[in-house]
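For reference, the structure is listed below as structure tokens.
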Amino acid sequence: MRGTTSERLNNDDPVTDRRVAVPSARPDDVALSVRGLIKRYGDRTAVDGLDLDLRRGEILALLGPNGAGKTTTVEICEGFVTRDAGTVEVLGLDPRTDNDQLRRRIGVMLQGGGAYPGARAEEMLRLVAAYSDDPIDPDWLLEALGLSGVRRTSFRRLSGGQQQRLSLACAIVGRPELVFLDEPTAGLDAHARLVVWELVDRLRADGVSVLLTTHLMDEAEELADQVVIIDSGRCVGAGTPADLTRRGAENELRFTAPRALDLTSLQTTLPSGYRCSESTPGNYLIAGQVTPAVIATLTAWCAEIDVLVTDLRVETRSLEDVFLDLTGRALRA
Ligand code: ATP
């Protein structure tokens, strides 16, 4: 691959040059709405009353352990699996009844090469591109995803990571309005994962909506505007990654400064209920809800007494911690 990913994606790339056309889209338009979704397989309830909202131009991540119901949910939205109850609207259409109309407007990652596992990588991508009036340039996409060297290799002979990237290319080559990505970076190495992340980020910048599933915290934190954490088919937590990781972790502000500061005046400046202490020499803790005003109070106090803070941090949790708190189990058991 030539150049860095950013260079490749930023310089005259066809994704940006010919931006995805979503003529009537307003930023607040709904791309996908799911209410009370239920899917049962025999005695097992795979999806158990799920609600989802995805706005146009945003990325929603479904995060959950194996068997949580992520793939089932995505496949219902794609129109491949029928639901037992609930409503699903994808770009204002019902995937159960409006499948043909929807197919042209959504992007789906084909598993196992779809119907053409014997087709060469380039052929396959060009075939999918041919269904679109305004496809992304397949050559550019192969290059951007590091697949130029295997363009003449059949899908079944590609490595797992190459198959994964080609499936992603097929999902987006038609400039869909909404893309479903089921674990888009599963099995990819760190570099390939970064390439995919940058491409997904670029899609969002072009106004494409993305529903993705992942087990990976860093993927959800990096890409998603909204995260829905699901476990046993139910939503156990939802919000922006920042909201989810901040919740419950916003009660400690720590800073490092010269030892043995007299904290009396800081204590009196802060609202009642906050406690300042020097937990170990030179390491200080303000216990109480951390707000922008509290941080401003601290820094103003430091300026007043002419003290330089060398480290200032609000304790935050990872999505992994959040999942553990919500379910009592680790995400990848
Ligand atoms: P993973 O991360 O492992 O892909 P997931 O969150 O995508 O898991 P699903 O694949 O949606 O979970 O599966 C949800 C539940 O439904 C699981 O218990 C699974 O065994 C069951 N299930 C899924 N598809 C079927 C099927 N076709 N027949 C019977 N059970 C199924």
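No value in this document is a laboratory result; all are computed from the given coordinates. Since this is a predicted model, take the numbers as computed values, not measurements. Note that we place each Cβ from the backbone using ideal geometry, even for glycine, and neighbour counts take in every protein chain shown.
R0 = 25 Å: FRET efficiency of residue 201 with residue 295, Cβ-based, nearest 0.05?
My answer for the efficiency is 0.30.
Rounded to the nearest 10 degrees, the inclination of helix 292-304 to the longest alpha-carbon principal axis of the chain is 40 degrees.
Extension gain, residue 96 to residue 40: 0.36 nm times the residue separation minus the Cα-Cα distance gives 18.5 nm. Counting only DSSP beta bridges with both residues in the chain, the antiparallel share comes to about 65 percent.
For the pair residue 259 and residue 326, the difference between a 0.36 nm per residue extended length and the Cα-Cα distance amounts to 20.3 nm. From its DSSP helices (H runs of at least four residues, each -39,500 (n - 2.57)), the chain gives a residue-normalised ellipticity at 222 nm of -9000 deg cm²/dmol. Suppose R0 equals 22 Å; then what is the FRET efficiency for residue 103 and residue 82 from their Cβ-Cβ distance, rounded to the nearest 0.05? The computed FRET efficiency comes out at 0.85.
How many nm is it between the label spots at residue 287 and residue 232, if each spot is 7 Å from the Cα in line with the beta carbon? Result for the modelled spin labels: 3.5 nm. Note on residue 194/residue 303: beta-carbon distance plugged into 1/(1 + (r/R0)^6) with R0 of 35 Å gives a FRET efficiency of 0.30.
For the stretch 249-316, just say rounded, prolate or oblate: build the C-alpha gyration tensor, square-root its eigenvalues into a ≥ b ≥ c, call rounded for a/c under 1.5, and beyond that prolate if a/b exceeds b/c, oblate if not. Since a/c stays below 1.5, the shape of the stretch 249-316 is classed as rounded.
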